[in-house]
Structures are given as C-alpha cells and as structure tokens.
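Since the structure comes first, as structure tokens, the remarks are kept for the end.
The values are calculated or read from the model by the stated rules, or taken from the named source; none is laboratory data. The shown structure was predicted, so the numbers you read here are calculated from the model rather than taken from an experiment. Neighbour counts are summed over all protein chains in view; Cβ atoms, including those assigned to glycine, are modelled from backbone coordinates with ideal geometry.
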Amino acid sequence: MTEWLGAIDHKRVGILYMLSALLFFLAGGMEAMVMRAQLAAPNLKLVTPGVYNQMFTMHGTTMIFLVAMPVLTGFAVYLIPLMIGANETSLPRLGALSFWLQLFGGFLLYISFATGGAPNAGWFSYAPLSENTFSTGTGLDYWALALLMVTAGSIGSAINLIVTIATERAPGMTMRLVPLFVWMTLVTSVMILFALPALAASLVMLLSDRLLHAHFFDPTQGGAPLLWQHYFWIFGHPEVYIVVLPAFGMISEIIPVFSRKPIFGYPFMATSTVAIAFLSYGVWVHHMFAVALGRNFLAVFAAASMLIGVPTGMKIFGWIGTMWGGSIRFTTSMMFAVAFLLEFTIGGLSGVAFAAVPVDWQMTDTYFVVAHIHYVLFGGTVFALMSAVYYWFPKMSGRMMDESLGRWNFWLVVIGFNAAFFVQHFLGLMGMRRRVYTYPDLPGFAALNLISTLGAGILVFGILLFCSNIGMSLVFGAKAGNDPWNAWTLEWSAASPPAIQNFAEIPQVRSRRPLWDEKHPEAPDWVLAGESDA
Amino acid sequence: MGRRMTVRQLLVTGWDWEPSIIFGCALLAMGYAAIVRKQGLARAPYFLAGVFLLLLDLVSPLDTLGDQYLFSAHVLQHFFLALVIPPLLLLGVPRWFAIAAMDRPAIRKVERAIGHPPVSWLLGVGVMLAWHIPVLFNAALANDTLHIFQHLTFLVTGTIFWWPILSAVESRRLPALGAVAYLFSACLCCSLLGAFLTFAPVGLYPAYLHAPASGLFGLDPQSDQQLGGLLMWVPGCFVYLTGILASVRRWYGNEATA
Amino acid sequence: MTRRAQFGMAMFLVSEGVFFALLILAFWYFRQRANLNFAAGAIDTGLLLASALSVWRAADGSRLWVTVTMVLGAAFLIGQSDQYVHLIRGGVTISAGLFGTTFFTLTGMHGLQVLAGLIALAVVPRATIRAVALYWQFLAAVWVLIFLSAYVWGAA
C-alpha cells in the first residue's frame, strides 16, 4: 500500500489515475441516477430543487474534471513510454505530483457536501449566479479551489507528457513514425497548456470576487458577467476536444489491429488532429449565441463552428477506410470501437446542428444539448475507454478479460445508453429545459423521460458488469502473453504486465509498426514506405 | 444621414478604374507571361489569379466602399492585399526562375537579409499592426499618396512575410515546426489586433462616423467597426491556419499508406 | 536532466503566458485609471529588471548571483507591498472599485509568483537553477507589461 502512495513509476501512476477516475465515475454516476430518478415522472418531489442543482453541478464537474481528464491522462502516462520504447517519463516526480493534486482537488470538491452544500451553479458556474450575492454558501468556493488544484495537476501532467514524447523516443522513431495515440496525446497536451490557464484565470477572478469582494463579474459595480462567459469558454471549448482527442488516439490504435490493416491515411489523421486543435480555439462564442452579442459575432463564429466538423469527419472516414477490406475480428474491444464510430457521429451531427444560429436559439439549454454532449462524451470518450480497457487490460494485468461477460457488458451499455439519451433529442426539440428539477405533465414528456430513466438503469447495470469483469478477470482471468492481439506497436513487446524497467533493451524503430517489421522480416513496413524518414 | 445608395447602384457606379493600377497589373501579368512562356505555364493560374484579385481588390466597388463608407470593407481589402494575393503570387513563381534569380549575388544578399524568418515576420506583422494605429490609418484615409503607399507596403511586406513559407526554393522554406511557430505567432498578433478592434469603442477611425451614406448592408458605425475587427480575427486566423496545416501535411510527405 | 527541466519550464511558461495574458486583457478591458506612484513603480521595475540580469549570471549556479537576485527580488516585493499599503490607506482596495479589482488581482498574482520564485531560488539544487532563471526572467517580462499597462497607460 505504501508502495503505491510513494509511487513514481509511470505504470503505477497511470493505474492510480485510472482507479481514481473509476471511483469518481461511480460517484458521478450516482449523481446522475438521483437526477434520472427525480425525472422519471412529472412533478416528482424525490429531491428538492436545491439538491437537484447540486446533483447536476457535481455530476458535470466530476465527469469532466475527475473522470474524463484523469483517466485519459492515466492511459497516456501508462502507455506512452511503452509505445515510444522508453523506460520512464521525463519528469516522473512531476507526473506523480500531478496525480495527487488532481486527487486532492477531487476530495476538496466532495468535502463540500459535508460543509454546507456542494456547488450548485452548474459545471460552468455563470456569473452573476456564481457571485456572493446569489450563491451565499461555501460550495462555489470549494468548486473554484478544487478546480484550481485539478488545473495545476492537468498542466503538470501535460508538461511531463510533452517533454517525454519530445525527448525519450526510441532510436529511429521520428515524430512522423509515432503511434497515433502518442501524436494525439501530444497535441492534446499542447492544447492543455493553452486552454487550462484560461480556466485558472477565470477561477482566480471568481475567487477574487467571492472571497475578496472584487467586482470582475458584478454588474452592479461595473463588472462584466460576459467576461466570465468568454474566458470560461475560451477554456471550455478546447476542453471538450481535450477529452476526446486521446480517445480518438485509442481508437486509431485499436481499429487497425482488429481489422488486420494499418490505419488508413496516417498523414490525414495526424494533420486533422492539428486542425482540430487550432480550430477549437476559434469557436468558443458558439456557447454564447443566445447572449445578444450582435449579428457579426454570430455570423463569424457560426461559420467557424461549421468548419470544425470537417477534420473530425476526416477521421471518421479514416477509421471506416481502415476497416474497409480488412479482416475484422469482433472482440469486445472492437465492438466498443465500432459502436464509438456510430455514437460519436450522431453526437457530432447534433453538434453541427447547433452551429446554425437559429437552431441554437431554439435549443440551447434544452435536453437537445444534453443529448448531444452525452453522445460525444459517453458514446464517444467512454465507449472508446471501454474499448481501450478491454484492449490494454491484458498488458496492464497479465490477464485477459472475460469475453462473454464482455458481450453482456457491451449490449447492456449500448442499449441502456441509447435508450437513456436518444429520446432526449426529442425532449429537447419539444422544449424540455435542462437543469430544472422537474417538468409539467406535457404530452410525451412523461413517457420519454421514463424511457430515459429506465435506459439509465440498464446502463448502470452494464457498467456494474464492466466493473465486475475487471475485478473478476484480475483474479480469475486467463493468463495473457505479451501480445495477445497480434498487434504492432512497441508496448506489446514488453511483458504483461511490464517489469519495472519496461525494456531490457531499447528497440530500434524503422516504421510505424515496429512489431510488424519484427514478425514479418520478409515484408517490413519500412521497405514499402520507400524513403527513410529523417 | 446622407443620401442612401442601393447595393445595385454601388455595384454599377462604384468602380474606380485608376490608370496606374490597371497599368501596374497589366505589367505584372504580361511580364510574367513573357518570362514563363517558354518553360511552361504550370504555375500560371496561381500568379494570374493573384494579379486578377489584385486588380479587383483595388478597382472594384470594394475599394470605394472601404475608402468612404465602411471600415469592414476596408479591412476586407487589406485582408486580400496582405494575406491572399501574396501567397498566390508566390505560389506562381516557377522554381527554375527563383533558383536562377538566387544565383545572382545581389539578389541572394537581399534574400538573406529580408527573407530571414525573424525579419520577414517582423516586417509582415509589424506593418500590419502599425497601419492600424489610428493616427496612421486616418492619415492614409485622408491622403491619397499615403494611401497608395499603404497598399504597396501591405502587398510588399505581405509577400516578404509569406516567403519563408511558400518560397519556390525549398531550401529557403522553414521546416515544419518552425513554420507552425512562425504562422501561429503571427496569427496570435492578428487575432489580438482583431479582438481589440472588435471590442473597442466606436470612433477609432472617425472618417467612418461621417460617411456619405450610412446603414449600408445594415451596418451602423459600431457594428461596422466590430465586423472589421471580427474579419481580421477569425477569417484572418483561418488563412494562417491553412498555412499551418499545409506545412504539417507537407511534412508527412506523399506516402503510400504504410 | 537540466535540459529536461528547462524544456519543462518552457512549457510551463507557455501556460503562464496565457494566464497572465488573460488577466492583463481583463485589466485593459475595464480600462480603469488611478493615481499610482509612478516613481515608486519605476524603481520597482528597475529592481526587477536588474534581478533578471543577475539571475542570468546565476544560471551557472553561482551562489553569489543567486543571492543578489534574491535580494533584488525581495526589494521588489517590499516596494510593491509598500505601494499596496499606500493605496489601501488611500481607499483604493480590491473591493472599492474596478481599478482595485483588476490591479490588485493582476499584481497580486504576479507578486505571489515572484515570491514562489524567491523560494525556488533558495531551495532548488544547482542543476535546475537555469530552469528557475527562465521562470524569473519570464516574470520580469510580464512585469514590464503590467507596468506599462497600469502605471503608464493607466495613469489618471
């Protein structure tokens, strides 16, 4: 136990991130179930509006900051040294510190339940609701302080990953030959450097207002609530790509292996990642279409928002192109990856719909948004994560996960997820507001909400199966060799689980699929590629 | 409130067939044709498109609009001058010509001096920022000669700026990472200027407050200044972003799927 | 290790740059003016710039120059605190109005980071002094922007 507390080894730190994320995932899930129970029927009074507000605030904050970001960081910290043929990250103490900062931030956030109430102004805490005049308890102070700690941790781990990828690659592995997961994590980490400080600045200003009685966002003293919105979304929009790009990276590793084909269009996959990264800083105003900024703002940012769908679409075609003509093997991991393609596309389409300003005006703050965000964040990131767990669990633990339990897991999650969230598109179109603790008995509202709640219940069951599969496989799972999937990247040449020193001998790399080259000396990739990249 | 003009009237009567511009563009086009005639016209479309756009940019109603009525139109005009036409012209330079030119010591010296990335960056970004200082911008609006000089500097420093990215001589181009840093930092400056203009109080450039006709395209002076800033900010960034993406894509080379 | 530390520090400074840029933009956005003590501000600026030079010499690990930097840095902080006291006594507090809000938040965050830099200079091993020197010089550069914004442009 004490070993883990003082752990610096990147594999241990990675696992700590994943376990912490799992813990908070269950907490965030419980918050979601409280909401879904409350919304199961019209005019229910299972919880008070005050409690409901705390639920949606904590659910959103938890899932984004204490689940999505940490678990993706955990996978990156664990896998990247292995993928690039290194034995450790460049700044392991910074890496470990970043984990503990994030964890303590999480505890600080949850302590608020016991000290007078959790934050309740939504996960993006708009001013002036977030100011002292309207939020008098300490909840929001905890929120801001906790997020400052989490922000520090995010920036720390991003720095560690950038330096690692830049300096620790195996000989021969030029930047053009890195696995796509590595590339996308690098781009994400750079995005973090530019986006998270915007959150930090916003939180500092909010805390100034709340604790020191400053007036940044207080309109009665000349402050500007809109400033909060601008600054928050300058962070917030890149943030949503930060939590999805690493998932794209995972899918880019998994789909080729289970299609027995290399990724289709590596240069486009890599370049489109850069496009998404840059474009994401130029669209934040689309979260503010409804605040009367003027036609000019609307036009310019609507155009930009439509544009950002293009590179993402390129990636979808890249993944489909990879599968096309391949010899597909439907392991549980692959099933989640294919489901990811479908679900994320649906989420992307609902997102692009919002780029059209009149559509946004009608549907902002309705359940259509809730449907959109869950399709991209759950159907996207979480599905990719489940795929990733089934894929890399053998490497991390030395055991295979149970495939038949995996099938049950998969179908329950897919059915539950779609039942829970697809109907929310219609609820939004029908005008059901988000973040309101109950709703009137309008035609269709009750039935659709009940379906959503039941779907959520099925989803919970599927998630419990997922957790059980992990637990049971750790003890009873079949032993896995180094390379159970016959894959191609360097992590599969290390032991399962890898020794403290990942590689007895640092490999020499000549192509994007080093293990393919080893296994197929008669037809290695670097011969096909022709030129030797410098 | 001045007399109102319809868009149609504007499109018909707003052309300014300035002889020096027409002559200059014709000279550029004919000079180019004469030089590349023998060796093939592969890159001609780029160059000629650039010249054509240059002509339109300076004689079409856009010019009249920008000079007298709308700040946003003027921004659009400069946008083309600095960010669209120079890349087109550079893309149109044939490689053999550029290499032959660089063989001459005098030209090589000049290229080393102003084609050096920090210098070209400063020239491009600095000139762009400088001309938006109100005292300078307003002076150019008031004085025709200064105005021509302003347009020339946009065109020339624009071309100098894009040289390390689009030079026909591969060895003078920045490598991928450098190109990204070069363009990203320029984009940042352009964005900051654009954002500043978007949020600034109206009246930075007073000439537009007293335009002969107002409310063109439904834009009051405040909206107009805001739009000008936004055009510089977001579409401006897209130009730099396109350059960044092209550099990254080029870095990966033309490979078969490996 | 020193190379990695410097690289890491450079990455950190990117994020710091965004952080301060946004606080400075907020200062500009509200465009408040007040009667600041220009002379005192100029002296403090001089002290910090001098310390930026001395920390450059200290980057090789020389204990003497590290100490000089710390003394100059401490003098800067003392000078700033003195100005804070005068302002607060004169009724310009963080809660009194928008100038106080933007000024104290911006300079406060800067000052806290200078303090952190002082502590770092004191405790960090010689190998990583160069990385701390980068941080220190960054803070000096940010201060120049703050000085120009608050004392020059923002002068009443």
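Numbers below:
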item: Residue, nearest to residue A:205 (Cα to Cα), within the range C:1-15, restricted to residues that are in contact with a Phe, Trp or Tyr (Cβ under 9 Å, 6 or more places away or on another chain) and at the interface with chain A (Cβ under 7 Å from one of its Cβ atoms); result: C:15
item: Options C:96, C:75, C:116; residue that is more than 14 Å from chain A (Cβ to nearest Cβ), over 19 Å from residue C:149 (Cα atoms) and not basic (Lys, Arg); result: C:75
item: Filter result (in contact (Cβ under 8 Å) with a residue 60 or more places away in the chain and of a type in the set (Phe, Trp, Tyr)) within the range A:234-251; result: A:248
item: Test: residue C:56 is away from chain A (no Cβ under 14 Å), at pLDDT 95 or above, closer than 27 Å to residue A:163 by Cβ and in a helix (DSSP H, G or I); result: no
item: Any hit, the range C:97-116, residues being at pLDDT below 95 and assigned to a loop (DSSP other than H, G, I, E, B); result: yes
item: Those residues of the range A:368-407 which are of a type in the set (S, T, N, Q) and either under 19 Å from the mean Cα position of the chain (by Cα) or on the phi > 0 side of the Ramachandran plot (or both), in sequence order; result: A:381, A:387
item: Among the residues listed as C:87, C:121, the single one being more than 13 Å from every other protein chain (Cβ to nearest Cβ), part of a helix (DSSP H, G or I) and touching a strand residue (DSSP E or B) at 6+ places or on another chain (Cβ under 9 Å); result: C:87
item: Search result, residues across the range A:161-178 that are more than 9 Å from chain C (Cβ to nearest Cβ) and within 19 Å of the chain's Cα centre (by Cα); result: A:161
item: Residue match in the range B:158-168 (condition: among the polar types (S, T, N, Q) and within 14 Å of the chain's Cα centre (by Cα)); result: yes
item: Filtered residues of the range A:430-454 (kept if out of contact with any Ser or Thr (no Cβ under 7 Å at 6 or more places or on another chain), over 18 Å from residue A:29 (Cα atoms) and surrounded by 15 or more Cβ atoms within 10 Å (Cβ to Cβ)); result: A:430, A:438, A:439, A:445, A:446, A:448
item: Count - residues of the range B:209-223 that are assigned to a helix (DSSP H, G or I) and more than 9 Å from chain A (Cβ to nearest Cβ); result: 5
item: Test: residue in the range A:112-121 that is touching a Gly at 6+ places or on another chain (Cβ under 8 Å), part of a helix (DSSP H, G or I) and more than 19 Å from residue A:435 (Cβ to Cβ); result: no
item: Filter result for residue A:34 (under 25 Å from residue A:156 (Cα atoms) and out of contact with any Ser or Thr (no Cβ under 6 Å at 6 or more places or on another chain)); result: no
item: Meets criteria (over 21 Å from residue B:176 (Cβ atoms), of a type in the set (A, V, I, L, M, F, W, C), crowded, with 24+ Cβ neighbours inside 10 Å and within 11 Å of another protein chain (Cβ to nearest Cβ)) for residue A:158; result: yes
item: Residues of the range A:260-272 that turn out to be buried (at least 22 other Cβ atoms within 10 Å of the Cβ), more than 9 Å from every other protein chain (Cβ to nearest Cβ) and of a type outside the set (A, V, I, L, M, F, W, C), as a count; result: 0
item: Of residues in the range A:519-534 being under 19 Å from residue A:263 (Cβ atoms) and at pLDDT 65 or above, the one farthest from the other protein chains (Cβ to nearest Cβ); result: A:519
item: The range B:72-106, residues that are among the small types (Gly, Ala, Ser) and more than 27 Å from residue B:230 (Cβ to Cβ); result: B:92, B:98, B:100, B:101, B:106
item: Given (1) more than 10 Å from chain A (Cβ to nearest Cβ); (2) crowded, with 18+ Cβ neighbours inside 10 Å, index of the condition residue B:228 fails; result: (1)
item: Residue B:243 being surrounded by 15 or more Cβ atoms within 10 Å (Cβ to Cβ), more than 10 Å from chain A (Cβ to nearest Cβ) and at pLDDT 90 or above; result: yes
item: Identity of the residue in the range A:210-232, among the polar types (S, T, N, Q) and surrounded by fewer than 22 Cβ atoms within 10 Å (Cβ to Cβ), that ends up farthest from the other protein chains (Cβ to nearest Cβ); result: A:220
item: The range A:408-425 residues that are part of a helix (DSSP H, G or I) and surrounded by fewer than 24 Cβ atoms within 10 Å (Cβ to Cβ), paired with ones that are at pLDDT 95 or above and among the acidic types (Asp, Glu) (beta carbon under 8 Å, 6 or more apart); result: A:418/A:343
item: Residue A:385 out of contact with any Gly (no Cβ under 8 Å at 6 or more places or on another chain), crowded, with 22+ Cβ neighbours inside 10 Å and over 30 Å from residue A:299 (Cβ atoms); result: yes
item: The range A:278-297: number of residues that are part of a helix (DSSP H, G or I) and more than 10 Å from chain B (Cβ to nearest Cβ); result: 4
item: Every residue from the range C:25-46 that is within 10 Å of chain A (Cβ to nearest Cβ) and either in contact with a helix residue (DSSP H, G or I) (Cβ under 8 Å, 6 or more places away or on another chain) or within 26 Å of residue C:90 (Cβ to Cβ) (or both); result: C:26, C:29, C:30, C:32
item: All helices (runs of 4 or more DSSP H) inside the range B:24-118 with 2 or more residues being exposed (fewer than 14 other Cβ atoms within 10 Å of the Cβ); result: B:95-103, B:105-114
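The rows are residues; the columns are (1) without any contact (Cβ under 8 Å) to a residue 40 or more places away in the chain; (2) within 19 Å of residue A:452 (Cα to Cα); (3) under 20 Å from the mean Cα position of the chain (by Cα); (4) assigned to a helix (DSSP H, G or I).
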{"residue": "A:3", "(1), (2), (3), (4)": "yes, no, no, yes"}
{"residue": "A:7", "(1), (2), (3), (4)": "no, no, no, no"}
{"residue": "A:13", "(1), (2), (3), (4)": "no, no, yes, yes"}
{"residue": "A:17", "(1), (2), (3), (4)": "no, no, yes, yes"}
{"residue": "A:20", "(1), (2), (3), (4)": "no, no, yes, yes"}
{"residue": "A:34", "(1), (2), (3), (4)": "yes, yes, no, yes"}
{"residue": "A:37", "(1), (2), (3), (4)": "no, yes, no, yes"}
{"residue": "A:41", "(1), (2), (3), (4)": "no, yes, no, no"}
{"residue": "A:50", "(1), (2), (3), (4)": "no, no, no, yes"}
